[in-house]
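**Q** Take a look at this one; I'll ask things after.
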Amino acid sequence: QVQLVESGGGLVQPGGSLRLSCAASGTIFSINAMGWYRQAPGKQRELVATITSGGSTNYADSVKARFTISRDNPKNTMTLQMNSLKPEDTAVYYCNADIAAAWDLRPRNYWGQGTQVTVSS
């Protein structure tokens with residue numbers, strides 16, 4: 001089975017920083033685009049940032065200049081460095097990726113289980 005697992009969430013004060021990580025595991029042939037999404041209570045899940053296999057990035061306007069997405073292709077990992085956090089950043093953050101399993105070779109979309117980020121004073 002191909003799986004995505006997030007880590008690094010927690011409670012921070014406004015202006016603080018957190019670094020989220022996402023690790024893909026399983027019989028992986030390739031990983032295409034990856035991204036971070038978040039969902040606050042009562043809100044729709046929204047895009048935070050994406051990164052292609054070649055390293056091209058895209059950010060939501062609300063996090064641009066504060067968050068940085070990156071990936072390590074040989075390690076099948078992705079990170080989200082979050083700086084200058086605001087209370088409005090509070091949400092469950094989800095890892096997402098298009099992955100081709102070695103036994104299938106057809107890319108499928110996968111979600112992690114989510115990690116809670118709470119920004120509060």
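The values are calculated or read from the model by the stated rules, or taken from the named source; none is laboratory data. Owing to the predicted nature of the structure, the values given are computational and were not obtained by experimental measurement. When we count neighbours, we look across all protein chains shown, and the Cβ atoms used for this are built from the backbone with ideal geometry, even at glycine. Note: areas computed on protein heavy atoms with side chains; ligands, DNA, RNA excluded. Shrake-Rupley method; radii C 1.70, N 1.55, O 1.52, S 1.80 Å.
**Q** For segment 1-37, name all the residues that are in contact with a helix residue (DSSP H, G or I) (Cβ under 8 Å, 6 or more places away or on another chain) and more than 13 Å from residue 75 (Cα to Cα).
**A** 14
**Q** Can you pull out the residues in segment 62-92 that are surrounded by fewer than 13 Cβ atoms within 10 Å (Cβ to Cβ) and in contact with a Ser or Thr (Cβ under 7 Å, 6 or more places away or on another chain)?
**A** Selection gives 87 alone.
**Q** For the structure I just gave you, tell me whether residue 7 is in contact with a strand residue (DSSP E or B) (Cβ under 7 Å, 6 or more places away or on another chain), open to solvent by 20 Å² or more (accessible area, probe 1.4 Å), among the hydroxyl-bearing types (Ser, Thr, Tyr) and in contact (Cβ under 8 Å) with a residue 40 or more places away in the chain.
**A** The answer is yes for residue 7.
**Q** Would a scan of segment 25-42 turn up a residue that is touching a strand residue (DSSP E or B) at 6+ places or on another chain (Cβ under 9 Å), under 19 Å from residue 84 (Cβ atoms) and open to solvent by 60 Å² or more (accessible area, probe 1.4 Å)?
**A** no
**Q** Do the conditions hold for residue 59, that is, is it without any contact (Cβ under 8 Å) to a residue 12 or more places away in the chain, open to solvent by less than 70 Å² (accessible area, probe 1.4 Å) and either in contact with a Phe, Trp or Tyr (Cβ under 9 Å, 6 or more places away or on another chain) or farther than 16 Å from residue 99 by Cβ (or both)?
**A** The answer is yes for residue 59.
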